[in-house]
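Everything on this sheet refers to the single structure shown next.
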Amino acid sequence: MAEQRTIVVTGCSSGIGAHCARALKADGWRVFATVRKAEDLAGLEADGIEALLMDYTRAETISTLVGAVLERTGGRIDALFNNGAYGQPGAVEDLSTAALRAQFEANFFGWHELTRQVIPPMRKRGQGRIVQCSSILGVLPYRYRGAYTASKFALEGLSVTLRMELQGSGIHVSLIEPGPIATRFTANALVKIKENIDIENSPHAVDYIRQLARLEGSGPVNRHKLGPEAVYSVLKHALNSKKPRPHYPVTTPAKQGMVLKRLLPADLFYRLMRWTD
């Protein structure tokens, strides 16, 4: 009987991470799911998932996590699904450097550190899968999402480079680029805009009010929004295919946006994005 494959999935307190951790468990994986808060461990453990604490912004917790997984598995990590992230809304001119730095610590630097630490055991076994849950905003820019977009653009560049560098090692790197997915991401973004943006005194105040209405659920509903199962369907391909793709766009807006970016002149495309809601 083949050994059970092991995977580390981050950001599993809710949304994409929580769904994918449980789906992977049901599909026969040994799942190590991470959360930032101790109170989120019990729900995962009740479903037979090995839940561990990790915070991307605290390097010591990343090392502790990797050490614990390697100890429990006898040195085996078959796959990593980097997923935990948040979005800091706000116009670029309204963002403090501190808020931008915090966005990168959680969405980029912590991901790099965890990825870097799982590569040696994968190299030792001559195989592995690294899947990054990026965003369509890692490919296409969007107003008032500059911090998040910048962190995902950086992730795209780093991950594609890593994919090329690992060619021939047996380790494959893929990026999933979701569009709108039904998660707590929007609720978390609402907290961050109120926490870090001076809405009242901004030249973008009118636009912020409209954005807040959408974040609070009183604005128009996005009819293209899918559930986290849409992400899991492509995650399975990235983990199991002999030739996993470098990019997996998810949702109709994400796929359409990628096509339009290739086909339209840059100026026209960016003007179109300027009025996209």
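The values are calculated or read from the model by the stated rules, or taken from the named source; none is laboratory data. Bear in mind that the values here come from a model prediction, so they are computed numbers and not experimental data. Please note: Cβ atoms are built from the backbone with ideal geometry, for glycine as well, and neighbour counts cover all protein chains shown. Note: areas computed on protein heavy atoms with side chains; ligands, DNA, RNA excluded. Shrake-Rupley method; radii C 1.70, N 1.55, O 1.52, S 1.80 Å.
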The relative contact order of the range 90-232, taking Cα pairs under 8 Å that sit 6 or more residues apart, comes to a percentage of 27
Cα gyration tensor shape of the range 129-277, rounded if a/c is under 1.5, else prolate or oblate by comparing a/b with b/c
prolate
Taking Cα atoms, how many degrees apart are the long axis of helix 205-215 and the longest axis of the chain, rounded to 10 and kept between 0 and 90?
40
Which whole-Hz ³J(HN,Hα) couplings does the range 31-47 yield from phi under the Karplus relation 6.51 cos²θ - 1.76 cosθ + 1.60, θ = phi - 60°, glycine and proline marked x?
9, 10, 9, 10, 9, 8, 10, 4, 5, 8, 6, 4, x, 6, 4, 5, 9
Sparse-neighbourhood loop sites, trypsin sites (Lys or Arg not before Pro) in the range 1-88 - DSSP loop, at most 13 other Cβ within 10 angstrom
Lys37
Folded to 0 to 90 degrees: helix 110-125 orientation relative to the chain principal axis, Cα
30
Using modelled amide H (1.01 Å from N, peptide plane; none on Pro or chain starts), what sits under 5 Å from the amide H of Val250, excluding residues fewer than 5 places away?
Glu177, Gly179
If DNA, RNA and ligands are ignored and the probe is 1.4 Å, what is the ranking of Phe32, Phe109 by accessible area, most exposed first?
Phe109, Phe32
With at most 11 other Cβ atoms within 10 Å, longest stretch of the chain clear of loop GluC sites (Glu not before Pro) (DSSP):
4-199
Return a whole-number percent for the relative contact order of the chain, with Cα pairs under 8 Å and 6 or more residues apart as the contact set.
18
Out of residues 5 or more away from Leu52 or on other chains, whose amide H comes under 5 Å of its own, with H placed 1.01 Å from N in the peptide plane?
Ala33, Thr34, Val35
Search the structure for amide H atoms under 5 Å from the amide H of Thr6, placed 1.01 Å from N in the peptide plane, and list their residues when 5 or more places away or on another chain.
Arg30, Asp78, Ala79
From the phi angles alone, apply the Karplus equation (6.51, -1.76, 1.60; θ = phi - 60°) to the range 132-138 and give each ³J(HN,Hα) in whole Hz, x where the residue is Gly or Pro.
9, 7, 7, 6, 4, 6, x
Where the convex hull is taken over the Cα atoms of the range 27-74, what is its projected area averaged over directions, in nm²?
3.6
Which of these, Ala230, Ala23, Ala98, has the largest mean-square fluctuation under a Gaussian network model of the chain (Cα springs below 10 Å)?
Ala98
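Treating the beta-carbon of each Lys and Arg as +1 and of each Asp and Glu as -1, no other charges, what is the dipole magnitude of the chain about its Cα centre, to the nearest 20 debye?
Rounded to the nearest 20 debye, it is 1040 debye.
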How would the range 124-171 be classified by its alpha-carbon gyration tensor: rounded, prolate or oblate, with rounded meaning a/c under 1.5 and the a/b versus b/c comparison settling the rest?
prolate
Calculate one ³J(HN,Hα) per residue across the range 73-85 by plugging θ = phi - 60° into the Karplus curve 6.51 cos²θ - 1.76 cosθ + 1.60, and present them in order as whole Hz with x for glycine and proline.
9, x, x, 10, 10, 7, 8, 10, 10, 6, 9, x, 6
